[in-house]
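Colleague: Can you read through this structure? Questions will come right after.
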Amino acid sequence: MSQDAGSPNQYQPRSFESRHQARWEEAGLHRAVGPGSGKPKYYVLDMFPYPSGSGLHVGHALGYVGTDIVARKKRMEGYDVLHPMGWDAFGLPAEQYAIQTGRHPRQTTDENTANFRRQLKNIGLSYDWSREVDTSHEGYYKHTQKLFKTLHERGLAYRAEVPVWWCEELKTVLANEEVINGRSERGNHPCVRRPLKQWMLKITAYADRLLADLDGLDWPESIKIQQREWIGRSEGASIRFRLEAGGEVEVYTTRPDTLWGATFMVLAPEHPLVERIVTAAQRGAVEAYAAAARSKSELERTELSKEKTGVFTGAHALNPLLDPADPLARIPVWIADYVLWGYGTGAIMAVPGHDERDFEFARKHGLAVREVVRPPQGEKGLADGACFSGEGVAVASGPLDGLATPAAKARAIALLEERGVGAKKTTYKLRDWLFSRQRYWGEPFPLLHLEDGTVVPLPDDALPVLLPAMDDFKPSPDGSAPLARAKDWVETRDPRTGAKARRDTDTMPGWAGSCWYWLRFMDAANDQQPFSKEAESYWGPVDLYVGGASHAVMHLLYARFWHKVFFDAGLVHTKEPFQKLFNQGMVTAFAYEDESGRLVASDEVEAKGDGFARKGSGEGLFQIVTKMAKSLKNVVNPDDIIEEYGCDAFRLYEMFMGPLADSKPWNPRDIPGCRRFLERLWRVFVDEKAEEPVRTHLLADAAGEPQGESLALEKALAKTLARVEESFTHFNFNVAVAAFMTFVNEATKAPQALTRSQGRRLLAALSPFAPHVAEELWQRMRCEGLCAAEPWPRADPRHAIDDEIDLPVQVNGKLRATPKAPKD
RNA sequence: GGGGGAAUGGCGGAAUCGGCAGACGCAUCGGACUUAAAAUCCGAAGCCUUCGAUGGCGUGGGGGUUCGAGCCCCCCUUCCCCCACCA
């Protein structure tokens with residue numbers, strides 16, 4: 001690798017990168033103008049990061065470089081481009097980092113954002129930094145509080161005593177989405193269910209619209225499917241079963257047509273009826289089972305559930321559509337932990353003939369199985385000893401007999417409604433969003449609890465409700481919120497009446513700030529409102545939103561929910577916030593494992609011949625691809641790469657690795673190839689041995705149409721520009737970089753044939769990808785203005801088509817001879 | 001178990017519509033330049049066979065459609081990601 005030293009005519013990227021960055025900034029090149037610009041608008045947004053202590057890695061940078069290329073090209077095409085960046089700084093990650101380091105989150109957050117900002121600028125990303133936002137700054141969360149009030153006013157925020165996920169380790173409640181297999185998403189700590197009075201947001205009121213409006217979005221189908229799955233709409237019926245001992249129990253089913261096949265009933269162990277209906281003989285067993293289910297973590301419960309356990313309560317229920325005298329009408333009631341208290345009614349009618357889980361349970365406990373749906377020809381059913389859960393024809397079901405499943409469902413519902421024992425019902429997996437946390441580092445709620453127990457929102461002019469300064473912001477051991485300890489802050493008065501009041505000591509979850517940040521970017525300096533109508537009607541919606549697929553449900557669902565509420569409140573003019581969504585792939589890394597499959601940290605590995613070996617011992621190792629991980633020492637910091645190879649080489653490599661959407665491994669050995677390309681490009685423009693800053697023939701326009709080698713370059717350039725243009729359709733910028741390489745290889749053979757006009761167009765097209773070197777050569781060519789502000793060059797259609805092609809000859813589909821066209 | 005994505009040289013990856021598989025880069029080998037090395041430039045290179053052209057085989061495996069399949073259809077294998085007892 002050549003050193004960044006020696007003659008000023010060598011390619012030394014570090015010597016000019018910051019200079020051109022300063023020129024862009026001075027020219028206001030990256031400033032989004034806004035209403036009245038006289039240009040079409042384009043809003044390209046990155047998912048803003050948590051400013052974590054470990055800084056930015058090359059995986060973040062992948063998406064950021066991709067959007068930067070789009071933003072830069074759109075500017076050159078004459079758009080008023082909004083390309084902003086900010087910090088999702090509130091929430092658990094920031095707080096935990098602060099706790100780990102024993103310092104105040106304000107301080108660590110500021111340090112981390114400063115580091116992120118420096119790293120992003122180092123990459124030469126063209127953000128409009130005048131619009132930077134930080135969700136943890138009072139100027140931002142003042143508006144988050146205001147918008148929460150909008151939800152509150154519209155009846156979408158309510159307090160409820162709900163069984164919530166409680167994490168003992170984190171001392172806080174978590175949302176359903178933040179708990180995976182009974183463990184916290186962050187930190188993987190065990191969580192348990194516990195009743196607590198909490199703020200809830202009524203996202204379920206928007207379930208149908210969140211589902212329906214997915215259809216019109218230009219989003220990856222996989223993300224839409226995940227959202228649909230998460231919302232989990234299912235249509236069926238609720239049915240009330242009378243209990244022999246008095247009272248009734250309500251179940252939810254998607255298959256009311258199988259009611260005649262219900263041979264038992266199962267309640268979740270937590271179901272409140274259990275206590276009342278259990279018979280004396282069964283009480284001991286039932287209580288032991290319920291207690292065991294409670295004490296088990298959700299993880300154990302799901303792990304052990306491969307075997308379906310459960311206990312008979314001793315109680316019986318009556319099938320509401322059968323004559324009570326019919327012996328089939330009387331069915332036993334069990335409890336089992338495969339029935340979830342949190343879904344439907346927490347109780348089911350079990351139809352073992354036509355539900356896999358019920359089938360398994362019935363077999364294990366010797367319960368009756370009855371066939372009430374005959375499978376279509378060729379499908380296995382009870383006659384073959386298998387459970388059939390598909391659609392067929394109803395049998396042994398009285399009035400339903402002979403009906404196909406859809407008709408049988410409708411008939412069953414009609415019968416239930418006629419007799420007043422059930423109704424058609426739509427159920428969602430989606431639950432209301434648990435919106436409070438017993439944490440310090442979040443937005444305080446803009447509300448007061450009055451002495452009479454009422455809750456009143458604060459007026460706008462009393463906002464923000466500032467987070468009180470606290471030295472000890474760690475969670476209290478008893479689980480109460482840290483803010484409860486700020487007595488002077490909690491005890492206050494209603495500014496309107498002077499009545500004594502208490503502040504709410506919970507804070508909002510980390511997602512709150514990210515539920516509207518794309519709107520704030522439109523009007524980031526607005527002190528009075530979160531954003532003006534004028535700015536929103538100009539910039540909205542986001543034209544291109546790029547980020548990782550890991551936000552498929554949580555952030556993207558919450559953000560859509562808030563946006564729809566804003567739409568209903570007349571604050572925004574579109575139903576959806578993000579018109580086009582694109583997920584960049586994951587940057588993985590090579591890792592190494594030994595014979596036994598144990599992973600070896602990459603700093604203990606060296607190349608050996610074709611393979612790899614452990615340093616020292618020389619033991620042979622296998623190369624595999626994994627996620628980047630600190631423990632494997634294969635996390636890469638962009639700073640290091642940029643320091644060694646320059647910013648443009650870093651950007652090009654990020655794109656050259658493969659299509660933006662693909663997951664692909666980071667391979668440091670490939671980076672020099674991108675650097676070498678830039679050096680070769682440089683030498684096409686600059687004679688390193690000469691004194692002049694640029695080849696002198698590039699300083700003047702060539703006369704007439706290009707001839708000879710110049711004409712060949714003209715054709716090559718047209719082809720390059722066409723391929724570059726095309727790469728923007730699917731964000732496969734690797735092909736664009738390859739096209740530039742191919743052109744430069746051509747031009748290297750005859751640098752004197754490259755005309756000034758060709759050089760200008762090449763640099764302009766390269767500018768979004770490798771903006772610094774393009775700008776430097778532009779300046780050396782004494783071109784007017786900034787390369788980055790040049791109109792985007794289009795392929796000349798006269799030259800984009802080959803005027804000579806090789807025609808392959810096939811005989812019987814086999815290639816027989818390729819006539820070699822004479823090379824002139 | 002369900003859903004999504006993927007599989008092409010030693011490696012990362014190219015290949016509008018079904019039409020010359022392997023662009024571009026890495027690693028490798030050869031040559032030029034050099035006292036030498038680095039850098040640079042020029043060139044070779046899928047695999048098998050062959051002195052060489054020719055020839056044969058080749059896009060995870062098996063079948064199919066077609067004049068022609070990396071690409072379309074059916075079956076299978078492996079890997080990655082997400083969800084997972086949702087009645």
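Colleague: What percent antiparallel are the DSSP beta bridges of chain A, to the nearest 5?
Modeller: Numbers: 73 of 92 bridges.
The antiparallel fraction comes to roughly 80 percent.
Colleague: Taking only the alpha carbons of region A:433-543, what extent do you get along each of the three principal axes, in Å, biggest first?
Modeller: Cα extents, longest axis first: 47, 34, 27 Å.
Colleague: Mean shadow of chain A, computed from the convex hull of its alpha carbons, in nm²? Intermediate results must be reported in sequence, preceding the final value.
Modeller: Details: hull surface 190.7 nm².
Taking the Cα atoms of chain A, their convex hull projects to 47.7 nm² on average.
Colleague: If we count every other residue with Cβ under 11 angstrom of A:Thr588's Cβ, Lys/Arg +1 and Asp/Glu -1, where does the sum land? Could you put the intermediate results ahead of the total?
Modeller: Values: positive: A:Lys627, A:Lys664; negative: A:Asp662.
Net local charge, A:Thr588 excluded: +1.
Colleague: What is the Cα centroid distance between region A:90-137 and region A:617-642, reported in whole angstrom?
Modeller: Region A:90-137 and region A:617-642 have Cα centres separated by 26 Å.
Colleague: Also, quick follow-up: What's the ranking of A:756-767, A:115-126 by average number of surrounding C-beta atoms within 10 Å, highest first?
Modeller: Values: A:756-767: 22.5, A:115-126: 19.7.
So the peptides A:756-767, A:115-126, ranked by packing, come out A:756-767, A:115-126.
Colleague: Out of A:Thr427, A:Ser389, A:Ala404, whose Cα points farthest toward the positive end of the dipole of region A:362-430 (charges: +1 Lys, Arg; -1 Asp, Glu; placed on Cβ)?
Modeller: A:Thr427
Colleague: Moving to a separate point now. If you put +1 on each Lys and Arg Cβ and -1 on each Asp and Glu Cβ, how big is the dipole of chain A around its Cα centre, in Debye rounded to 20?
Modeller: Numbers: 103 positive and 114 negative charges, 134 e Å.
The calculated dipole for chain A is roughly 640 debye.
Colleague: Between region A:195-219 and region A:487-527, what is the C-alpha centre distance in whole Å?
Modeller: The two parts, judged by their Cα centres, are 23 Å apart.
Colleague: Have a look at A:Leu62, A:Met76, A:Tyr50 and report the one farthest towards the positive end of the charge dipole of region A:18-124, computed about the Cα centre with Cβ charges (Lys/Arg +1, Asp/Glu -1).
Modeller: About the Cα centre, the residue reaching furthest to the positive side is A:Met76.
Colleague: Follow-up question, since we're still on this one. First select every other residue whose beta carbon is under 13 angstrom from the beta carbon of A:Pro672; then total the charges, Lys and Arg +1, Asp and Glu -1.
Modeller: On the way: positive: A:Arg669, A:Arg675, A:Arg676, A:Arg680; negative: A:Glu644, A:Asp670, A:Glu679.
With Lys, Arg at +1 and Asp, Glu at -1, the neighbours total +1.
Colleague: Here's another thing I want to ask about it. Would you kindly work out the equivalent ellipsoid of region A:152-268 from its C-alpha gyration tensor and give its semi-axes, the square roots of five times the eigenvalues, largest first in whole Å?
Modeller: Details: eigenvalues 174, 121, 58 Å².
Equivalent ellipsoid of region A:152-268: 29, 25, 17 Å, largest first.
Colleague: Would you please classify the overall shape of region A:477-518 from the alpha carbon gyration tensor, given that a ≥ b ≥ c denote the square roots of the eigenvalues, rounded means a/c under 1.5, and beyond that prolate means a/b larger than b/c while oblate covers the rest?
Modeller: Cα axes put region A:477-518 in the oblate bin.
Colleague: So how much accessible area does A:Glu491 have, in Å² to the nearest 10, using a 1.4 Å probe?
Modeller: Solvent-accessible area, nearest 10 Å²: 90 Å².
Colleague: Turning to a different aspect of this structure: Run the simple label-point estimate for A:Arg194 and A:Thr497 please: 7 Å along Cα→C-beta, distance reported in nm.
Modeller: According to this spin-label approximation, the distance is 3.3 nm.
Colleague: Under 18 Å from the 7 Å Cα→Cβ point of A:Ala280, by amide nitrogen: which residues of region A:238-262?
Modeller: Taking a point 7 Å out along Cα→Cβ of A:Ala280, the residues of region A:238-262 whose backbone N falls under 18 Å are A:245-246.
Colleague: First check a/c for region A:484-622, with a ≥ b ≥ c the square roots of the eigenvalues of its C-alpha gyration tensor; if it is under 1.5, answer rounded, and if not, answer prolate when a/b is larger than b/c or oblate otherwise.
Modeller: Details: a/c = 4.11, a/b = 1.93, b/c = 2.13.
Oblate.
Colleague: Also, I was wondering about something else. Based on Cβ point charges of +1 for Lys and Arg and -1 for Asp and Glu, what charge dipole magnitude is obtained for region A:144-282 about its Cα centre, in debye rounded to the nearest 20? List each step's numbers first, then the result.
Modeller: Values: 19 positive and 20 negative charges, 111 e Å.
I would put it at about 540 debye.
Colleague: Moving on. Across region A:620-761, how many lysine pairs, 8 or more apart or on two chains, come within less than 22 Å at their alpha-carbon atoms? Please list the in-between numbers first.
Modeller: Values: A:Lys627/A:Lys664; A:Lys630/A:Lys664; A:Lys633/A:Lys664; A:Lys689/A:Lys749; A:Lys715/A:Lys749; A:Lys719/A:Lys749.
Counting lysine pairs in region A:620-761 gives 6.
Colleague: Kindly provide the pair-distance distribution of region A:622-661 built from C-alpha pairs, with 10 Å bins from 0 and whole-percent values in order of increasing distance.
Modeller: That works out to 25, 43, 32, 0, in percent per bin.
Colleague: Pull up the cross-link candidates among the aspartates and glutamates for A:Lys197, meaning alpha carbon to alpha carbon under 15 Å and not fewer than 8 places away within one chain.
Modeller: Partners found: A:Glu161, A:Asp432, A:Asp504, A:Asp506.
Colleague: Before rounding to the nearest 500, sum -39500 (n - 2.57) across all DSSP H runs of length at least 4 in chain A and divide by the residue total; then give [θ] at 222 nm in deg cm²/dmol. Show your work: numbers first, answer last.
Modeller: Working: 23 runs with 268 residues, N = 824.
Rounded to the nearest 500, it is -10000 deg cm²/dmol.
Colleague: Over 27 Å apart: what share of the alpha carbon pairs of region A:9-165 falls there, rounded to a whole percent?
Modeller: Numbers: 4926 of 12246 pairs.
Result for the distance tail: 40 percent.
Colleague: List the aspartates and glutamates whose alpha-carbon lies under 20 Å from that of A:Lys425, not counting same-chain residues fewer than 8 positions away?
Modeller: Correct list for A:Lys425: A:Asp208, A:Glu229, A:Glu235, A:Glu248, A:Glu250, A:Asp257, A:Asp355, A:Glu391, A:Glu417.
Colleague: Also: For A:Asp326 paired with A:Ser602, estimate the spin-label separation in nm (one decimal), with each label point 7 Å from Cα along the Cα-to-Cβ line.
Modeller: 6.7 nm
Colleague: May I pose another question? Among rounded, prolate and oblate, which fits region A:348-401 when a ≥ b ≥ c are the square roots of the eigenvalues of its C-alpha gyration tensor, a/c under 1.5 means rounded, and a/b larger than b/c means prolate? Please list the in-between numbers first.
Modeller: Details: a/c = 2.08, a/b = 1.35, b/c = 1.54.
Because a/c hits 1.5 or more and a/b fails to exceed b/c, region A:348-401 counts as oblate.
Colleague: Take each uninterrupted DSSP H stretch in chain A, measure its Cα extent along the helix axis, and return the ones at 20 Å or beyond whose mean Kyte-Doolittle hydropathy is at least -0.5.
Modeller: Working: long enough: A:58-76 (27 Å, -0.02); A:105-122 (25 Å, -2.07); A:138-153 (22 Å, -1.41); A:280-295 (23 Å, 0.01); A:405-419 (21 Å, -0.07); A:554-568 (21 Å, 0.23); A:671-685 (22 Å, 0.00); A:708-730 (35 Å, -0.15); A:733-749 (25 Å, 0.84).
TM-like helix candidates: A:58-76, A:280-295, A:405-419, A:554-568, A:671-685, A:708-730, A:733-749.
Colleague: Compute from the Cα atoms of region A:683-762 the Rg and the Dmax, the latter being the longest Cα-Cα distance, and quote both in angstrom.
Modeller: Cα only, region A:683-762: 13.5, 43 Å (Rg, Dmax).
Colleague: Over what distance in Å are the Cα centres of region A:533-556 and region A:387-466 separated?
Modeller: 27 Å
Colleague: Say each of A:Ala469 and A:Ala212 gets a label point 7 Å from the Cα, pointing the same way as Cα to Cβ; how far apart are those two points in nm?
Modeller: Placing both labels 7 Å along Cα→Cβ, they lie 5.2 nm apart.
Colleague: Counting C-alpha atoms alone, how compact is region A:265-419: give Rg to one decimal and Dmax as a whole number, in angstrom.
Modeller: 16.8, 48
The values are calculated or read from the model by the stated rules, or taken from the named source; none is laboratory data. As the structure is a computational prediction, the values presented were derived from the model and not from experiment. No Cβ is skipped: glycine too gets one built from the backbone with ideal geometry, and neighbour counts run over all protein chains shown. Each accessible area value is taken on the protein alone, full model and side chains, heavy atoms only, with ligands, DNA and RNA left out. Shrake-Rupley method; radii C 1.70, N 1.55, O 1.52, S 1.80 Å.
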